There are 2 protein chains.
Amino acid sequence: MSNPVVVEVLRGERVESRHSGAGAVFDAEGGIVLEFGDIDRPVFPRSAVKALQALPLMESGAAEALNFTSAELALCCASHAGEPEHVALAAQILRKVGAGVDDLACGAHWPSGVAASRALARTGGEPTQLHNNCSGKHSGFLCAACHNGWALKGYETPAHPLQREIHAALEAMVGERLDESRRGTDGCSIPTYAISLRGLARGFARFGSGQGLAPARAKAAQRLREAVAAEPFYVGGSERFDTRLMSRLGARAFTKTGAEGVFCAALPSLGLGLAVKADDGAGRASEVMIAALIRRFLKLDAAESGRLDAFTNPQLRNWRGLHVGALRPAGPLAAQSTTA
Amino acid sequence: MSNPVVVEVLRGERVESRHSGAGAVFDAEGGIVLEFGDIDRPVFPRSAVKALQALPLMESGAAEALNFTSAELALCCASHAGEPEHVALAAQILRKVGAGVDDLACGAHWPSGVAASRALARTGGEPTQLHNNCSGKHSGFLCAACHNGWALKGYETPAHPLQREIHAALEAMVGERLDESRRGTDGCSIPTYAISLRGLARGFARFGSGQGLAPARAKAAQRLREAVAAEPFYVGGSERFDTRLMSRLGARAFTKTGAEGVFCAALPSLGLGLAVKADDGAGRASEVMIAALIRRFLKLDAAESGRLDAFTNPQLRNWRGLHVGALRPAGPLAAQSTTA
């Protein structure tokens, strides 16, 4: 069975393109609240689980010992746009343990933020590993490794004690065994493990509520959520979806995008966890999917709900600014009442 | 019925994302050679029909009277990367009729070629309408309008005599009535008409072979094909799929990409026309789709066929150059013998 069409792209009144996908919403007790499509097929969550990958940094005491600020913790959970503030803060994290850009294993790429990329080119600059959207996460990894007395070299490989801790944390949070057959290599060279949307939604319900977690882990999750809610710019960037959405919703929603059309979210006040995947890997589709789910479950007043239109129904304009189309939720995500 | 999965994206050994789509291959007599998915649903071909939109430029005598070179004609059929050569040639076309950049209605955008875009930023420059990937087509439009004694202003609007001629040429080539319900506004502000893949494949079979066309139209199509085959750089750019593929295959394949996952092609020596659409609008999927079809139908020796691997099975590397995955044709496009 193929997954349902969940997002339509309109040109004028006609549907030009269609995205299919799957999604799950779980409560913190592990009860299923909503599902569509195949939620048991494992998908690579990619960057959507960066906050879970930061748990060892917290639970080891490294973050506290090294005086991580909220902005720094947000950057450890980030897919950042490579804006100057992100780059500078990643370098600051590295300095906590005397590490440098050459210790990073994420690779260099031009800033994912278009304006930041052009600004860098205008100065005649070239990107370093600090511009990689994962540089904050990797800097946090190096701090955790250093604090634990582990070798920095090879910190990104599956056999390194840090990656083993991250693997164990992921397994516990999502409640699935993640053996080698689930493993791929992520864009930033660390392991990524394929996980069902069921498991991811369950894991984010726990991450958002702390329910079912040991006290130290619940506290770590809470600190990360508070950091991101306080500093949403550092988890994304000026134009990025997560930053824009969380700047509007505050601590009511924790969201995180992943490459290839994955999105995870927690609605802490409701104890809900959300996970979606656009089959084709399109970010534009997963953004509309997660925004439509958030609007359905969060109790928003009419004005707040209206302000989410830009996320659930983004309008398309051409190079001269003419309105040519829009995206909209479809099928199981089509607009309806906001009741659960 | 949903369309079949036709392209898979692998991370390691696991399928990470899936693209569904439809496609049609027709011969010049209108006989169907191959089909998969829904080939009757109209889709916006976008830039995939630029060569058909250039027919009035040829048939009016404008191209001959204004001494269009092969490179200039290729640019009129192009979605170019905005490299300096493309920009300069578009300006040269405009000068033929004393028009300038302000007469263009395509809008400005940064060069679609990443290197060209960075190079422009490095010089402190800003893009003009000449950098728009459609600037060659629009410059050709202005030449056709001027040659016919029509107003330049409004040349992009549906009611302008030039757009009416283009509309009539499209209807005749694809054999479908394209009424207002089929019309949307393209990224470059001209009308785009939704056409079935059946019609597009039939139209490109005619465009590639001249069969079933009046002599003047057959000659116009031949001249455009020869121009693109002679100057493939100008129909795309250094890194663009059409340029790379046609540089390898010469006059044996005429291909043209369109936004939102459309691809059209003609195999003139076989009298075949091809049209595909990735449901979700992904260019990476439509590229693999059209390359897989071309490899199936063109008679290639083993070495030539092997050189198409980069198009049918592009390999994915991460920011450090590690091999992390690949794309591959799937379902009805899965690798098989090269017989039709």
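The values are calculated or read from the model by the stated rules, or taken from the named source; none is laboratory data. It should be emphasised that the depicted structure is a prediction, and the values quoted were computed from it without experimental measurement. Note: ideal-geometry Cβ built from the backbone for every residue, glycine included; neighbour counts use all protein chains shown.
It is to be established whether one or more residues within the range B:161-174 are under 17 Å from B:PHE44 (Cα atoms) and among the polar types (S, T, N, Q).
Looking for residues that are under 17 Å from B:PHE44 (Cα atoms) and among the polar types (S, T, N, Q), one finds at least one in the range B:161-174, hence yes.
On the given criteria, is A:ARG307 charged (D, E, K, R), in contact with a helix residue (DSSP H, G or I) (Cβ under 9 Å, 6 or more places away or on another chain) and within 20 Å of A:PHE26 (Cβ to Cβ)? It would help to see each step written out before you state the result.
On the way: charged (D, E, K, R): yes; in contact with a helix residue (DSSP H, G or I) (Cβ under 9 Å, 6 or more places away or on another chain): yes; within 20 Å of A:PHE26 (Cβ to Cβ): no.
No.
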Kindly evaluate A:ALA285 against the criterion of being within 14 Å of chain B (Cβ to nearest Cβ), in a helix (DSSP H, G or I) and either of a type in the set (Phe, Trp, Tyr) or buried (at least 20 other Cβ atoms within 10 Å of the Cβ) (or both). yes
Going by what's in this entry, would B:ALA81 be described as surrounded by fewer than 22 Cβ atoms within 10 Å (Cβ to Cβ), touching a residue at least 60 places away in the same chain (Cβ under 8 Å), more than 13 Å from chain A (Cβ to nearest Cβ) and of a type in the set (A, V, I, L, M)? no
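Looking at B:ARG41, B:ARG14, which is the one that is among the charged types (D, E, K, R), under 15 Å from B:GLY175 (Cα atoms) and either in contact with a helix residue (DSSP H, G or I) (Cβ under 9 Å, 6 or more places away or on another chain) or within 14 Å of another protein chain (Cβ to nearest Cβ) (or both)? Steps first, answer last, please.
Numbers: B:ARG14 fails: under 15 Å from B:GLY175 (Cα atoms).
Only one candidate qualifies: B:ARG41.
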Being over 18 Å from the mean Cα position of the chain (by Cα), of a type in the set (S, T, N, Q) and either at pLDDT 95 or above or closer than 23 Å to A:ASP242 by Cα (or both), is that true of even one residue in the range A:73-82? no
Determine, yes or no, whether A:ASP280 is in contact (Cβ under 8 Å) with a residue 12 or more places away in the chain, farther than 15 Å from A:SER79 by Cβ, among the acidic types (Asp, Glu) and buried (at least 24 other Cβ atoms within 10 Å of the Cβ). yes
A:ARG118 passes all but one of the listed conditions (1) within 14 Å of chain B (Cβ to nearest Cβ); (2) closer than 25 Å to A:CYS264 by Cβ; (3) in contact with a helix residue (DSSP H, G or I) (Cβ under 8 Å, 6 or more places away or on another chain); (4) not β-branched (Val, Ile, Thr); the exception is number (2)
Residues satisfying the stated conditions in the range B:301-325, i.e. of a type in the set (A, V, I, L, M), surrounded by fewer than 18 Cβ atoms within 10 Å (Cβ to Cβ) and within 24 Å of the chain's Cα centre (by Cα): B:ALA310
Residues (at the interface with chain B (Cβ under 8 Å from one of its Cβ atoms) and charged (D, E, K, R)) located in the range A:310-327: A:ARG320
Evaluate the range B:270-277: report whether one residue or more is farther than 29 Å from B:GLU8 by Cβ and surrounded by 23 or more Cβ atoms within 10 Å (Cβ to Cβ). no
Filter the range A:175-197 down to residues that are surrounded by fewer than 24 Cβ atoms within 10 Å (Cβ to Cβ) and either more than 16 Å from A:VAL43 (Cβ to Cβ) or away from chain B (no Cβ under 12 Å) (or both), then give me how many there are. 9
Can you go through B:ALA105, B:ALA62, B:ALA144 and tell me which one is in contact (Cβ under 8 Å) with a residue 40 or more places away in the chain, surrounded by 24 or more Cβ atoms within 10 Å (Cβ to Cβ) and farther than 19 Å from B:THR243 by Cβ? B:ALA144
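Under the condition of being within 11 Å of chain A (Cβ to nearest Cβ) and touching a residue at least 60 places away in the same chain (Cβ under 8 Å), which residue from the range B:17-35 is nearest to A:ASP38 (Cα to Cα)? Walk me through how you get there before you give the answer.
Going residue by residue through the range B:17-35, those that are within 11 Å of chain A (Cβ to nearest Cβ) are B:17-21.
Among the residues that remain, those that are also touching a residue at least 60 places away in the same chain (Cβ under 8 Å) are: B:18-21.
Numbers: B:ARG18: 13, B:HIS19: 16, B:SER20: 16, B:GLY21: 20 Å.
Top of the filtered list is B:ARG18.
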Check off (1) within 14 Å of another protein chain (Cβ to nearest Cβ); (2) part of a loop (DSSP other than H, G, I, E, B) for A:GLN211 and give me the number that stays unchecked. (1)
Answer yes or no as to whether A:LEU130 is at negative phi, touching a strand residue (DSSP E or B) at 6+ places or on another chain (Cβ under 7 Å) and at pLDDT 95 or above. no
Where the second residue is crowded, with 24+ Cβ neighbours inside 10 Å and of a type in the set (Asp, Glu) and the first is more than 15 Å from A:CYS77 (Cβ to Cβ) and within 14 Å of chain B (Cβ to nearest Cβ) and lies in the range A:248-264, which pairs have Cβ atoms under 7 Å and are six or more apart or on separate chains? A:GLU260/B:GLU16; A:GLY261/A:ASP280
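Identify, please: which residue in the range A:151-200 is part of a helix (DSSP H, G or I) and out of contact with any helix residue (DSSP H, G or I) (no Cβ under 9 Å at 6 or more places or on another chain) and is, among those, farthest from A:ILE32 (Cα to Cα)? Spell out how you get there, then give the answer.
Restricting attention to the range A:151-200, the residues satisfying the condition of being part of a helix (DSSP H, G or I) are A:161-174, A:180-182, A:197-200.
With out of contact with any helix residue (DSSP H, G or I) (no Cβ under 9 Å at 6 or more places or on another chain) added as a condition, the list becomes A:164, A:167, A:171, A:180-182, A:197.
Details: A:ARG164: 29, A:HIS167: 25, A:GLU171: 19, A:GLU180: 28, A:SER181: 26, A:ARG182: 24, A:LEU197: 11 Å.
Among residues in the range A:151-200 that are part of a helix (DSSP H, G or I) and out of contact with any helix residue (DSSP H, G or I) (no Cβ under 9 Å at 6 or more places or on another chain), the one farthest from A:ILE32 (Cα to Cα) is A:ARG164.
Give the residue, chosen from B:ALA291, B:ALA303, that is away from chain A (no Cβ under 13 Å), out of contact with any strand residue (DSSP E or B) (no Cβ under 7 Å at 6 or more places or on another chain) and at pLDDT 95 or above. It would help to see each step written out before you state the result.
Numbers: B:ALA303 fails: at pLDDT 95 or above.
None of the others qualify; the one that does is B:ALA291.
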So is B:ASN148 touching a Leu at 6+ places or on another chain (Cβ under 8 Å) and within 14 Å of chain A (Cβ to nearest Cβ) or not? no
A:LEU94: modelled with pLDDT of 95 or more, more than 10 Å from every other protein chain (Cβ to nearest Cβ) and in contact with a Ser or Thr (Cβ under 6 Å, 6 or more places away or on another chain), yes or no? yes
Note on the range B:252-282: residues under 14 Å from the mean Cα position of the chain (by Cα) and outside any strand (DSSP E or B) are B:ALA253, B:ALA259, B:GLU260, B:GLY261
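Scan B:VAL97, B:VAL33 and give me the residue that is within 18 Å of B:GLY136 (Cβ to Cβ) and either aliphatic (A, V, I, L, M) or in contact with a strand residue (DSSP E or B) (Cβ under 6 Å, 6 or more places away or on another chain) (or both).
Details: B:VAL33 fails: within 18 Å of B:GLY136 (Cβ to Cβ).
That would be B:VAL97, the only listed residue that is within 18 Å of B:GLY136 (Cβ to Cβ) and either aliphatic (A, V, I, L, M) or in contact with a strand residue (DSSP E or B) (Cβ under 6 Å, 6 or more places away or on another chain) (or both).
Would you mention how many residues in the range A:305-336 are outside any helix (DSSP H, G or I) and small (Gly, Ala, Ser)?
Restricting attention to the range A:305-336, the residues satisfying the condition of being outside any helix (DSSP H, G or I) are A:308, A:313-330, A:334-336.
Restricting the remaining residues to those that are small (Gly, Ala, Ser) gives A:321, A:325-326, A:330, A:334-335.
Residues that pass the stated criteria total 6.
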